[in-house]
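Each remark here refers to the structure printed beneath this line.
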Amino acid sequence: HRWIIILVVTVLTGAACFGFFHFTTDTSYSATIKMYVNADALSVSSSISVSTLNASSSLVPIYKEIVNTHLVLDKVGKLLNNEGYSGIDYYYLTENKMIECSALNNTPVFQIKVTDTDPERAIEIANTIAKVLPTEMANIIDGSSARIVDSALSAERLSRGVLKNSAIGAMLAFVIMCFIGRVLIHCYGCN
């Protein structure tokens with residue numbers, strides 16, 4: 001009968017976790033832009049050398065850091081506020097951890113992913129960053145430029161993790177119940 005109690009508590013905990021995460025977790029969407037970093041903005045040759053690619057790739061971490069600065073995000077916020085998206089500024093974007101940057105396969109291409117609960121707003125934020133960033137980067141890093149490879153045309157719905165978190169809660173309850181059962185058996189065995 002102890003196994004029945006363990007099983008019932010495990011199922012009830014999993015159901016409680018499911019209900020909790022289902023009703024408290026918002027659906028999120030991500031919009032992604034891709035940009036190409038050029039280390040030599042003055043170069044107009046049709047062939048790109050390996051040294052130019054290496055130099056451009058070395059700028060990607062710098063671009064990733066500058067994206068999340070007041071300089072860039074406050075300008076993004078102003079443009080979005082003019083478009084009717086109020087309350088968006090550096091603090092809103094960074095405190096909610098909405099922007100994630102990553103390099104793509106050691107190339108001069110990097111992506112910026114914006115996550116938000118509103119898919120249209122995620123797209124607008126991503127595309128506005130793509131508008132602001134090249135100008136700001138050219139002002140900061142002499143001779144460099146950034147070009148948009150892919151704009152954000154749609155937003156992808158992200159998994160809320162409800163089933164995963166419910167399964168983790170149920171497994172944790174199972175382990176705890178087994179531990180409690182083992183302790184009780186041990187204590188009763190000692191008496």
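Tabulated data
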quantity	calculated
Leu153 assigned to a loop (DSSP other than H, G, I, E, B), closer than 16 Å to Ser30 by Cα and either open to solvent by less than 60 Å² (accessible area, probe 1.4 Å) or not polar (S, T, N, Q) (or both)	yes
Members of segment 114-123 found to be open to solvent by less than 60 Å² (accessible area, probe 1.4 Å) and either of a type outside the set (A, V, I, L, M, F, W, C) or in contact with a helix residue (DSSP H, G or I) (Cβ under 6 Å, 6 or more places away or on another chain) (or both), listed by number	Val114, Thr115, Asp116, Asp118, Pro119, Arg121
Where Leu80 falls short, out of the listed (1) open to solvent by less than 20 Å² (accessible area, probe 1.4 Å); (2) modelled with pLDDT of 85 or more; (3) more than 22 Å from the chain's Cα centre (by Cα)	(3)
Test set (1) at pLDDT 85 or above; (2) within 14 Å of the chain's Cα centre (by Cα); (3) open to solvent by less than 40 Å² (accessible area, probe 1.4 Å) - Ser102 fails condition number	(1)
Residue within segment 157-166 that is touching a Gly at 6+ places or on another chain (Cβ under 9 Å), closer than 29 Å to Val72 by Cβ and open to solvent by 30 Å² or more (accessible area, probe 1.4 Å) present	no
Failed condition for Tyr91, given (1) aromatic (Phe, Trp, Tyr); (2) over 29 Å from Asn38 (Cβ atoms); (3) open to solvent by less than 70 Å² (accessible area, probe 1.4 Å)	(3)
One residue from Ala126, Ala173 being open to solvent by less than 90 Å² (accessible area, probe 1.4 Å), small (Gly, Ala, Ser) and either without any contact (Cβ under 8 Å) to a residue 40 or more places away in the chain or under 18 Å from Ile99 (Cβ atoms) (or both)	Ala126
Count - residues of segment 129-142 that are open to solvent by 10 Å² or more (accessible area, probe 1.4 Å) and within 14 Å of Ile62 (Cα to Cα)	7
Segment 102-136: number of residues that are closer than 30 Å to Thr24 by Cα and not in a helix (DSSP H, G or I)	9
Test result for Ile148, out of contact with any Gly (no Cβ under 9 Å at 6 or more places or on another chain) and either in a loop (DSSP other than H, G, I, E, B) or surrounded by fewer than 17 Cβ atoms within 10 Å (Cβ to Cβ) (or both)	yes
Residue check, Asn139 assigned to a helix (DSSP H, G or I) and more than 26 Å from Ser86 (Cβ to Cβ)	yes
Pair list, Cβ under 8 Å, 6 or more apart: segment 92-120 residue farther than 17 Å from Leu80 by Cα, other residue of a type in the set (Phe, Trp, Tyr) and part of a strand (DSSP E or B)	Cys101/Phe110; Ser102/Phe110; Ala103/Phe110; Leu104/Phe110; Pro108/Tyr36; Val109/Tyr36
Options Ser86, Ser30: the member that is open to solvent by less than 40 Å² (accessible area, probe 1.4 Å) and modelled with pLDDT of 70 or more	Ser30
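The values are calculated or read from the model by the stated rules, or taken from the named source; none is laboratory data. Quick caveat: nothing in here was measured; it's all calculated off a predicted structure. All Cβ positions, even for glycine, are placed from backbone atoms using ideal geometry, and neighbour counts span all protein chains on display. Remember, those area values only see protein heavy atoms, side chains included, never the ligands or the DNA or RNA. Shrake-Rupley method; radii C 1.70, N 1.55, O 1.52, S 1.80 Å.
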